[in-house]
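Where a number appears in this text, it was derived from the coordinates with a stated rule and is not lab data. None of these values were measured; they are calculated from a predicted model. FYI the Cβ positions are ideal-geometry reconstructions off the backbone, even for glycines, and counts take in every protein chain you see.
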Amino acid sequence: MTNLQKEIMNIKKDKNIKILAHNYQTYDIQQIADYVGDSFYLSKISQELDCDTVVFCGVNFMAETTKMLSPDKKVILANEEAYCPMARMISPDDIIKFREENPDYTIVSYVNSTTETKAYVDVCVTSSTALKIMNQIENKNILFVPDENLGNYIAKKIPNKNIKLWEGYCNVHDRVTTEEVYDLREKHPNALLLVHPECREEIVNLADFAGSTSEIIKQAKESSNDEIIIGTEVGVLDYLEATVPNKKFYLLSKHLVCPNMKKTKLEDVYKAVSCEGGREVVIEEELMNKAIKSINEMIRLAE
Ligand code: SF4
């Protein structure tokens with residue numbers, strides 16, 4: 001560990017701070033985090049934390065979800081400018097208008113949405129829970145927002161549902177091209193290709209496996225294959241290279257680097273644990289009471 005990492009470890013211990021980091025954070029941040037995982041894992045962990053303050057290393061909607069699930073704790077987003085562009089591709093006004101025009105639809109939102117949007121939808125899902133949750137919705141008519149690629153991936157698995165898709169996208173995963181897949185397949189013909197369903201359908205169709213970040217990590221670790229192409233954000237590849245040294249990992253595309261996830265640096269984490277930086281998450285009570293319902297429903301249906 002570097003001196004800065006050691007200092008962060010000492011401060012968080014002294015101040016009873018827990019650090020949560022998404023899998024897409026750089027590996028030096030994953031190393032000093034108490035918990036590292038995908039959105040669903042971090043949401044679940046948020047409810048069980050025994051600490052006064054949480055420093056969140058990820059993007060703003062994730063820190064806001066943590067705050068909603070741990071309202072009595074101080075939650076600090078380590079880099080105040082880290083946000084998910086896809087979360088801004090749908091607004092509460094869009095949801096209100098759709099409901100007025102389509103009152104017989106259940107509205108499902110990917111957790112990558114703003115707290116304001118979450119306040120108007122019926123249930124949230126993560127990529128690891130979407131299929132399980134949407135299978136349990138009794139209504140045949142579902143609107144899925146905002147990620148069209150993930151929604152399409154789930155819709156194909158449950159053809160009995162009438163699923164409308166919003167035209168949002170992740171500007172990282174959506175940029176992967178079929179040419180990049182063919183190129184990597186040619187260079188590494190024995191490698192297993194694992195992709196995230198935020199990638200476009202033609203990429204998912206060419207993969208050996210599609211799943212959430214935690215499912216990709218599990219597959220990569222448990223597969224007997226010792227060469228693996230990673231079709232999700234580079235933070236997952238960094239983690240696998242550091243923790244599974246006997247296998248070879250290749251990044252599917254140079255585009256798989258999320259600029260917002262990479263805004264958080266170790267220096268930001270140091271400032272956040274020292275109470276000299278980051279942004280404390282504050283959510284107005286009425287908004288929180290409305291938005292938490294779709295999060296709680298997600299956790300209930302995912303159990
Ligand atoms: S990887 Fe995509 S979905 Fe995830 S935070 Fe970055 S832009 Fe948003």
- What is the extension gain from Glu48 to Ser223, computed as 0.36 nm multiplied by their sequence separation minus the C-alpha to C-alpha distance, in nm to one decimal? 59.9 nm
- Suppose R0 equals 22 Å; then what is the FRET efficiency for Asn160 and Asp104 from their Cβ-Cβ distance, rounded to the nearest 0.05? 0.85
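Multiply the residue separation of Glu280 and Lys187 by 0.36 nm, subtract the distance between their alpha-carbon atoms, and state the gained length in nm to one decimal.
Gain on stretching Glu280 to Lys187: 28.9 nm.
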- Mean separation of Cα contacts under 8 Å (at least 6 apart) over the residue count of the range 173-251, i.e. the relative contact order in percent, is 29
- How long are the three semi-axes of the equivalent ellipsoid for the range 173-251, computed from the Cα gyration tensor as the root of 5 times each eigenvalue, in whole Å, largest first? 18, 14, 11
- So what is the relative contact order of the chain, in percent, for Cα pairs below 8 Å that sit 6 or more residues apart? 23
- For the pair Ala242 and Ser91, how long in nm is the line joining their label points, each one 7 Å along Cα→Cβ? 3.9
- Message: Exceeding 31 Å between C-alpha atoms, which entries from my cross-link table qualify? They are Lys247/Lys271; Lys12/Lys262; Lys118/Lys263.
- Response: Lys247/Lys271
- Just grab the label-to-label distance for Asn152 and Asp34, each label 7 Å out from Cα along the Cβ direction, in nm (one decimal). 4.1
- Note on the structure: Met1 and Asn139 label points (each 7 Å along its Cα→Cβ direction) are spaced in nm at 4.8
- Quick one: which residues, 5 or more positions from Ile228 or on another chain, have an amide H under 5 Å from its amide H? H modelled 1.01 Å from N in the peptide plane, none for Pro or chain starts. Leu192, Lys248, Phe249, Tyr250
